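Input: a single structure, listed below in structure tokens.
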Amino acid sequence: MSPDTQSTTIPRHVRHGSNAGQPVSRRDGVLKVTGAATYAADNHPEGMLHAVIVPSTIARGRVRSLDVSAAKAHPGIVEVITPENRIPLHFDPNDKMPPFGFRVEVLQDDSVRYVNQPIAVVVAETLEAATEGARLLAPRYEEELPRTDLDNGERYDAEAVGVGAPAVTTAGDIDAGFAAATRVTEAEYYTPPQYHNAMEPHAVVAEWNGDHLTLDMPNQALRMSAASYAQYFGIPVENVLIRSPFLGGGFGSKAILNGPQILGILAARQVGRPVKLVLTRAQMYGPVGHRGRTWQKLRLGTDAEGKLTALHHTSIGATSSFDDFVEPAANTSLMLYASPAIRADHKGLRLDIGTPGPMRAPGEASGSAALEVAIDEAAQACGMDPLAFRLANYAETEPTSGRPYSSKALRECYEQGAASFGWSNRPLEPGTMRDENGFLVGWGMGTAVFPCPQFPAEARATLRADGTALVETGGVDMGQGAWTALAQLAAEALGLDLDQVEFHSGRSDLPDGGVAGGSGHTASAGQALSNAGSDVIAQLSEIAVNDPDSPLFGAGNIGVVAGEGRLYRRDDETRSETYAEILARAGRAELVGSGKSGRDPASADRFAMNSHGAVFAEVKVDPALMQVKVTRLVGAFAAGRVINPKLVRSQYYGGMIWGISFALQEEALADRRTGRIMNADLAEYHVPVNADVPEMEAILVPEVDPHVSPLGIKGVGEIGVTGTVGAIANAVWHATGIRVRKYPIRLEDLLARR
Amino acid sequence: MNRFDYIKPASVSEAVTEAARPGSAYLAAGTNMLDLMKVGVVGPERIIDVTGLPGLADIEWLTDGSVRIGALVRNSDLAYDTRFAETFPMVAEALLSGASAQLRNAATVGGNLMQRTRCAYFLDPASACNKREPGSGCDAREGENRLHAVIGFTEHCIAVHPSDFCVPLVALGAEVEVESLDGKRTIPLAEFHLLPGDTPHVETALRPGELITGLKLPAQAAAFSGHARYLKLRERTSYAFAVVSAAAALDMADGRIRQARIALGGVAAKPWRAEEAEASLVGAEASPSVFARAGEIALAGAHPSGSNAFKIELARRIVARALALALEGTPEAMPALPASPFSTLSGETSGVAHVA
Ligand SMILES: Cc1cc2nc3c(=O)[nH]c(=O)nc-3n(C[C@H](O)[C@H](O)[C@H](O)COP(=O)(O)OP(=O)(O)OC[C@H]3O[C@@H](n4cnc5c(N)ncnc54)[C@H](O)[C@@H]3O)c2cc1C
Ligand code: SF4
């Protein structure tokens, strides 16, 4: 069941003509908490078989043998797919599928390039049989020594980092900048490998019908993925239908095609029956991306007033031996602080690991985790309050280009966040605050920043004879609330109450809703929906003002306003008519409108565009045992127009909690000798539990931005992670006087120095 | 496929008869056992489900003041038993600091004693592990071992026993009641778990087929009820195994320590009772320095087994802190964050009374 079959139950009087801006509860909430929402793996088409991948247990080498006959002899096994018998693909998996495709491991040969790479697929009547078949294959390997760390990986000059960002950027004369400095602070920072660990594992239920393919799968980029699958399997894109009504989290890991899901589809084609393939938790540590490790170095030159004279950020980012996603960490330094000279450069490090990929705030999360601590260290060196230091280096225009910002209420974020937190009472010296129980108390802050892209997207709106509407776009709700916020925007444009609007989304055969990534989904799909709604209203107005029988006749020049299912004459609200009446008189069964989204290239050229924020953290540290607890988090964020404050606040909270995780808990522990991840389960790979989450406040700082898009929406999904990590690390320093420059901050890092 | 017979005996005698056959293993709530079966660490041929056995799910107070806890009592039922929590508060606190509410509701007393190490190499059949496969080696020694043992380990195995529950139990002199075809016997908990030596796969004093029927806590253990704490350092506030933990209990008379009990968790292959440290406190006036000295003594024989030297210092400090907390007195009600150093942070409690 999906939300479009549910009507919402929001009291109508809550809204006065405006849908956007209201704290509407999630329309899919009840379905989710009652278990009625169907996720990909809940689908069981007639005749479905179960497939499992066989993951490699070595990081580098080749598969010498698989005992296929033993597996095949097991009852219930239908097929064992290996490089020897796998049916061909129509696109070379060693090539990168444009626009964002990665090289994928789909049994193209017997080489092993990382742990958990699929080396075979077993298809069986039951999951148990498939699992046993996988065990019976008893793989033997020819093993080579894996490259697992900085000292044995191969460094190289990355051509690009992240998704097509420049690897090296220089603005101003960096040497001159350092020469002009009265003080230079320099330090190195480390961020560990982290895995998305969405609650819902990657899954696919694939059903072929001749050359038509139906896929139930969690997917953050429906149309793009459909096009890619079509290419891999050599069928027209219209033949691919992806259904993804709900995602149990994605965080970037469900936006890009991966080997296991392609193999599930391939298995269905090869055996001629529908196939379900679901990764286990442990199998998610490898083939479906992760946040790659970084080794960063920051050098900051400051003058006597505490103004930056030079900022140099270097990052080495781990990637796989066969593809090039390098965490664009250093580029964060291009976005935030004014400095006459800035340089950001990256190197790649080839390891025998699965290819990293975008994970919630790729680049900015790791980059800001280092930059915000470096800024704190520079402030400390200058004897300045960290907020005062940031204000002294406030970028009025984009630091590298001098372009104006489309909008930037960061100063207000600093002000409001600091006021609510009580920052002005912070002593400059570390280790000077204690609470009534004797715990060390520390306060730290960080600046949050994230770009606000707007992607191409399309939508359709249909006004029906009864005055209600159907709106459609292939959007993606991965828990962030798209079903709700997008419907609000459509209802707003249509001048209808939310419950008069039926919203269809989550399918690739709907108008292209774009990618739910880069925090740009509401800005993109939302704009398309809004435009589609406006298109319908324009058509309707055209009919009304030209109809002599309408009270709106002749209002063409004055204009009409849509609201509550009626059109009103702009200058005289007593003259109005319902949509149903207008359509009935015109003899129209429905009106169909369409809308598109895409950033105006002129604005994109003229302005720098970001969301901003300021995060303030309080930690308490046990003075002897050195256990750390975050006790307060206040974040103030300015991200353009807020469509649904309740959902937006949830995104900020979620991001800040992620910040706790990054700062104090998350780390995949890979054995140096084998590359195997030794904590690949949620008992040992720690993310925060409720008891870790403190009192939190998210302040929504108003910001009007006429340039990002007509609706003025930026994006809120990722920014909360940035800033928070550094704020916590800085608070730990402020509590203890100990600078820990590697994440997560662990007991021994603090204990060793106290 | 790991095919196994599933047997659900109706009586203890039937259970021990079934379990006497080779390839058998007991199954209680399965919160540990089933996970191990799924990843292929264990593969018993015959599973003897003990959850239906009569008479093993009671908390029974004997006339001499001691208490008998049936092997099938659920971890949370024991922790939330008012009389038990009042009499042995640090045991209740340890129980509530372990795992999650869901797991505690299922997990049994017997299963908790018998839970296996969380050593990642033990849990990964592709790794060498002497405990899982005698003679295969120990991949933890040069691997991810920051949470491994600092006391009592050998080159053959450096794993720790993960139980919280067992730590205060061993401090209070608990005994394990077991039964087999050969009859019943009682094993002091201190002798129940074994150090690895050169046979790390032999983990307990249980003989093949022997069933734990219950636990006994002696009446004398109640003398500590006013001054007893369990303290557990974790890498997140809840739902994590101990980095190190300590149970500390004092029997105070006129400002002096009449008797003391100290045990450590997360440091060895068994819950580690520190008797010499206890002795150092007897007759002393409680003070930070005697507590610190007790911590030193408790860790006297410790050394790192890998990248875990920090645990030794941490263990010394946690002993001193647990003693200091015990001296302050058992809190009136269970803290909202049981066993956490931050248990004082929140005014809220979990609603379990320690002291009437
Ligand atoms: C995610 C997670 C986190 C956890 N965190 C903690 C923690 O923080 N602290 C902590 O202390 N524990 C923790 N645990 C472990 C938990 O306490 C144990 O899994 C539980 O106590 C085992 O009890 P059970 O009844 O499920 O035993 P089972 O899993 O059924 O059995 C465990 C073992 O005991 C044997 N056994 C069971 N009953 C008997 C009997 N009567 N006689 C002889 N042998 C028997 C079985 O054969 C088996 O070998 C955690 C577990 C999980 C899964
Ligand atoms: S420490 Fe013990 S349990 Fe861990 S791998 Fe070594 S032998 Fe096995």
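From the P(r) of region B:283-328, can you give the percent of Cα pairs sitting at distances over 16 Å? Roughly 38 percent, rounded to a whole number. Translational diffusion of region A:566-666 was estimated from the Stokes-Einstein equation, with Rh taken as the Kirkwood radius over Cα pairs; at 20 °C and 1.002 mPa s the coefficient is 109 µm²/s.
Remark on A:Phe455: its backbone amide H falls under 5 Å from those of A:Ser524, a criterion applied only to residues 5 or more positions apart or on other chains, H modelled at 1.01 Å from N.
Just to confirm the number: angle between the C-alpha axis of helix B:309-328 and the first principal axis of chain B, 0 to 90 degrees, nearest 10? Between helix and principal axis, roughly 60 degrees.
With distances taken between every two different alpha-carbon atoms, the protein assembly as shown has a Kirkwood hydrodynamic radius of 31.8 Å. Ordering A:Gln627, B:Met33, B:Ala300 by the projection of their Cα atoms onto the charge dipole of the protein assembly as shown, which places +1 on the Cβ of Lys and Arg and -1 on the Cβ of Asp and Glu, puts B:Ala300 at the extreme positive end.
Shielding of peptide B:125-132 by partners, expressed as the average count of other chain Cβ atoms within 10 Å per residue Cβ, is 2.
The label-point distance for A:Tyr394 and A:Asn425, in a model that sets each label 7 Å from Cα toward Cβ, rounds to 2.5 nm.
Positive contributions from Lys and Arg (+1) and negative ones from Asp and Glu (-1), summed over other residues with Cβ under 11 Å from the Cβ of A:Pro192, come out at +2.
Per residue of peptide A:671-681, the mean number of Cβ atoms on other chains within 10 Å of the residue Cβ is 5. If you fit an axis through the alpha-carbon atoms of helix B:288-298 and take the longest principal axis of the Cα set of chain B, what angle between them do you get, 0 to 90°, nearest 10? Helix B:288-298 sits at roughly 30 degrees to that axis. Per residue, the convex hull spanned by the alpha carbons of region A:636-754 comes to 156 Å³.
For A:Arg293, the amide hydrogen comes within under 5 Å of the amide hydrogens of A:Ala318, counting only partners 5 or more places away or on other chains and with H modelled in the peptide plane. Report note on the peptides A:340-353, A:153-166: ranked by the mean count of other C-beta atoms within 10 Å, highest first, their order is A:340-353, A:153-166. Using the Karplus relation 6.51 cos²θ - 1.76 cosθ + 1.60 with θ = phi - 60°, the per-residue 3J(HN,Hα) values for region A:159-166 come to 6, 9, 10, x, 9, x, 8, x Hz, with x marking Gly and Pro. Surface composition of region A:571-701: carbon plus sulfur atoms contribute 49% of the solvent-accessible area (1.4 Å probe, protein chains only, all chains present).
For A:Ser611, the amide hydrogen comes within under 5 Å of the amide hydrogens of A:Phe450, A:Cys452, counting only partners 5 or more places away or on other chains and with H modelled in the peptide plane. Picking from B:Val39, B:Val319, B:Val167, which is most flexible by a Gaussian network model of chain B using Cα springs under 10 Å? Comparing B:Val39, B:Val319, B:Val167 in a Gaussian network model of chain B, the most mobile one is B:Val39. Throw me the Rg/Rh for region B:226-328, computed over C-alpha atoms with Kirkwood Rh, two decimals. Rg/Rh: 0.97. Counting pairwise Cα distances across region A:182-273, what percent come out greater than 14 angstrom? So the pairs more than 14 Å apart make up 68 percent of the total in region A:182-273. The base-10 log of I(q)/I(0) for chain B, evaluated at q = 0.12, 0.13, 0.15 Å⁻¹, reads -0.85, -1.00, -1.32 [Debye formula, identical scatterers on Cα atoms, solvent excluded]. Equivalent ellipsoid of region A:323-453: semi-axes from √(5λ) of the C-alpha gyration tensor, largest first, are 30, 21, 14 Å. The helix-based estimate of mean residue ellipticity at 222 nm for chain B, built from -39,500 (n - 2.57) per DSSP H run of four or more residues and divided by its residue count, is -6500 deg cm²/dmol to the nearest 500.
Springs between alpha-carbon pairs under 10 angstrom, Gaussian network model over chain B: which of B:Pro188, B:Pro22, B:Pro304 fluctuates most? Per the Cα network of chain B with a 10 Å cutoff, B:Pro22 tops the list. The modelled label-to-label distance for the pair A:Lys72/B:Asn105, using points 7 Å beyond Cα in the direction of Cβ, is 4.8 nm.
Length gained on full extension, A:Asp571 to A:Leu241, computed as 0.36 nm times the residue gap minus the Cα-Cα distance: 114.1 nm.
Helices in chain A, meaning DSSP H runs of at least 4 residues, each add -39500 (n - 2.57). Divided by all residues, the mean residue ellipticity at 222 nm is -7500 deg cm²/dmol. The orientation-averaged projection of the convex hull spanning the C-alpha atoms of region A:147-402 amounts to 15.8 square nanometres.
Derived value for region A:257-317: Kirkwood hydrodynamic radius 16.0 Å. Basis is the mean of 1/r over every pair of different alpha-carbon atoms. Compared with the direct C-alpha span, the chain from B:Ile187 to B:His201 gains 3.1 nm at full extension, assuming 0.36 nm per residue. Scalar couplings 3J(HN,Hα) for region A:391-404, obtained by applying the Karplus form with A = 6.51, B = -1.76, C = 1.60 to θ = phi - 60°, are 5, 5, 10, 4, 8, 6, 10, 4, x, 8, 10, x, 5, x Hz; x denotes Gly and Pro. Residues considered: B:His201, B:His161, B:His193. Largest GNM mean-square fluctuation over chain B, using C-alpha springs under 10 Å, is found at B:His201.
In a shell of Cβ-Cβ distance under 13 Å around A:Gly655, excluding A:Gly655 itself, what net charge do Lys and Arg (+1) and Asp and Glu (-1) give? Once all neighbours under 13 Å are counted, the net charge is 0.
Scattering from the C-alpha atoms of region A:70-180 alone, worked out with Debye: what is log10 I(q)/I(0) at q = 0.09, 0.14 1/Å? Evaluating at q = 0.09, 0.14 Å⁻¹ gives log10 I(q)/I(0) of -0.45, -0.83. Kirkwood radius, region A:383-521, all distinct C-alpha pairs, inverse of mean reciprocal distance: 19.5 Å.
Counting only residues at least eight positions apart within a chain, or on another chain, the lysines with an alpha carbon under 27 Å from that of B:Lys216 are B:Lys8, B:Lys184, B:Lys232, B:Lys270. Sorting B:249-255, A:232-238 by their mean Cβ neighbour count within 10 Å, with the most densely packed peptide first, gives B:249-255, A:232-238. With Cα atoms as the point set, region A:13-97 shows a radius of gyration and Dmax of 23.6, 69 Å. The portion of the accessible surface of region A:111-235 made up by carbon and sulfur, rounded to a whole percent, is 48 (1.4 Å probe; DNA, RNA and ligands excluded). When peptides A:95-104, A:255-264, A:272-281, A:485-494 are ranked by their average number of other Cβ atoms within 10 Å per residue, the highest-first order is A:485-494, A:255-264, A:272-281, A:95-104.
Nearest 100 Å², what total accessible surface is buried between chain A and chain B (probe 1.4 Å)? The summed interface area works out to 3200 Å². For region B:226-328, the per residue solvent-accessible surface stands at 35 Å², with DNA, RNA and ligands left out and a 1.4 Å probe.
The values are calculated or read from the model by the stated rules, or taken from the named source; none is laboratory data. Just so you know, these numbers come straight off a predicted model, no measurement behind them. Using ideal geometry, Cβ is built from the backbone for each residue, glycine included, and neighbour counts are taken over all protein chains shown. These accessible areas exclude ligands, DNA and RNA; they are computed on the full protein's heavy atoms, side chains included. Shrake-Rupley method; radii C 1.70, N 1.55, O 1.52, S 1.80 Å.
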